[in-house]
Amino acid sequence: MTNSITRTIYDGFATNRLELWDGLIHPDVITNSPLGQGFVGIAALKGWASEFHQAFAPAIDLVDEFATDTRAVITVTLHWQHVGEFFGVKPTGRTGTSIETFILTLKDGVVTRWDVADATLDLVVYLVAERGFTYPQNIIPTPIVKGTRANVAQSFSCQETR
């Protein structure tokens, strides 16, 4: 599989042309991130992305991308400034840079799950600690390999889940 799905998703996000996601993201996609968990549906995902663009006026760099038939990864750097209201959080003008990785699960060439992993927590700390945004906890994605807890007398083992 080429990286065309990752590049199109990136282009849609980076330029706020979210209609580019139509046909690439399942209507009932599940989205989890450090700023929200359990969003269901492409409309909710597009709503979040649109609100983010309006509130933070980002410049979004593509750092890396990779896709297979069942998984895709997109890493971006978000250069942002809080210039508009974001889900009730008033703007402060604060600026920041955040590195985010989108871990995408694909089925039949369509994204069915979108998980966000942060390499930096600039935006998360700003919204959660400084602005009172709710921080989700206990998100457990379905693993490819399930680890087991090791103790001193036992070695680590893994079990493939698919």
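Of the residues making up segment 91-110, those that are over 12 Å from the mean Cα position of the chain (by Cα) and in contact (Cβ under 8 Å) with a residue 40 or more places away in the chain are 106, 107, 109, 110.
Hey, can you tell me all the residues within segment 1-52 that are of a type in the set (D, E, K, R), under 23 Å from residue 84 (Cβ atoms) and either in contact with a strand residue (DSSP E or B) (Cβ under 7 Å, 6 or more places away or on another chain) or modelled with pLDDT under 95 (or both)?
Just the residues of segment 1-52 that are of a type in the set (D, E, K, R), to begin with: 7, 11, 17, 19, 22, 28, 46, 51.
Checking which are under 23 Å from residue 84 (Cβ atoms) leaves us with 11, 17, 19, 46, 51.
51 - this is the single residue of segment 1-52 that is of a type in the set (D, E, K, R), under 23 Å from residue 84 (Cβ atoms) and either in contact with a strand residue (DSSP E or B) (Cβ under 7 Å, 6 or more places away or on another chain) or modelled with pLDDT under 95 (or both).
For the residues 78, 104, 127, 123, the requirement of being among the aliphatic types (A, V, I, L, M), under 17 Å from residue 39 (Cα atoms) and surrounded by 14 or more Cβ atoms within 10 Å (Cβ to Cβ) singles out 104. From the list 28, 69, 11, the lone residue that is assigned to a strand (DSSP E or B), surrounded by fewer than 18 Cβ atoms within 10 Å (Cβ to Cβ), acidic (Asp, Glu) and over 14 Å from the mean Cα position of the chain (by Cα) is 28. Applying a threshold of 7 Å to beta carbon distances and a minimum spacing of six or more residues, or different chains, the list of pairs starting in segment 55-70 at a residue that is at positive phi and ending at one that is buried (at least 18 other Cβ atoms within 10 Å of the Cβ) and modelled with pLDDT of 95 or more is empty.
Per this entry, residue 97 is counted among residues that are exposed (fewer than 15 other Cβ atoms within 10 Å of the Cβ), β-branched (Val, Ile, Thr) and in contact with a helix residue (DSSP H, G or I) (Cβ under 7 Å, 6 or more places away or on another chain).
Considering (1) loosely packed, with under 14 Cβ neighbours inside 10 Å; (2) closer than 19 Å to residue 16 by Cβ; (3) in contact with a Leu (Cβ under 7 Å, 6 or more places away or on another chain), the lone condition that residue 54 does not fulfil carries the number (3).
The values are calculated or read from the model by the stated rules, or taken from the named source; none is laboratory data. Please read these numbers as outputs of a predicted model, since none were measured by experiment. Glycine gets a Cβ as well: all are built from the backbone with ideal geometry, and neighbour counts include every protein chain shown.
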